[in-house]
Amino acid sequence: MAEYEATRGMPADGDIAFGVASDVDLINRWLPHGLLVRGSGPGTVEATGDLVDEVTRRVTDAG
């Protein structure tokens, strides 16, 4: 399974940064090109694109 990790600095409080990073309606504005994420149900997102090895992966909310 391929992994992708990136780090970005953000001049904002941690709660605000997490709110932006976890907002499915905004997430594609700042993700790298070649990666698309969309909501696919309560607590679930679906990632597609060139950076996902052409296989759709689902990540569920653990909490």
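The values are calculated or read from the model by the stated rules, or taken from the named source; none is laboratory data. Source: prediction; values computed, not measured. All Cβ positions, glycine included, derive from the backbone under ideal geometry; neighbour counts span all protein chains shown.
A few points about this structure:
- Of all the criteria given as (1) modelled with pLDDT of 80 or more; (2) surrounded by 13 or more Cβ atoms within 10 Å (Cβ to Cβ), the one not satisfied by VAL52 is (1).
- Residue list for segment 1-45, filter: over 9 Å from the mean Cα position of the chain (by Cα) and not in a loop (DSSP other than H, G, I, E, B): GLY14, ASP15, ILE16, ALA17, PHE18, GLY19, VAL20, ARG29, GLY39, SER40, GLY41, THR44
- Residue in segment 34-41 that is out of contact with any strand residue (DSSP E or B) (no Cβ under 7 Å at 6 or more places or on another chain) and at negative phi present: no
- Pair list, Cβ under 7 Å, 6 or more apart: segment 26-47 residue without any contact (Cβ under 8 Å) to a residue 12 or more places away in the chain and loosely packed, with under 12 Cβ neighbours inside 10 Å, other residue hydrophobic (A, V, I, L, M, F, W, C) and assigned to a loop (DSSP other than H, G, I, E, B): none
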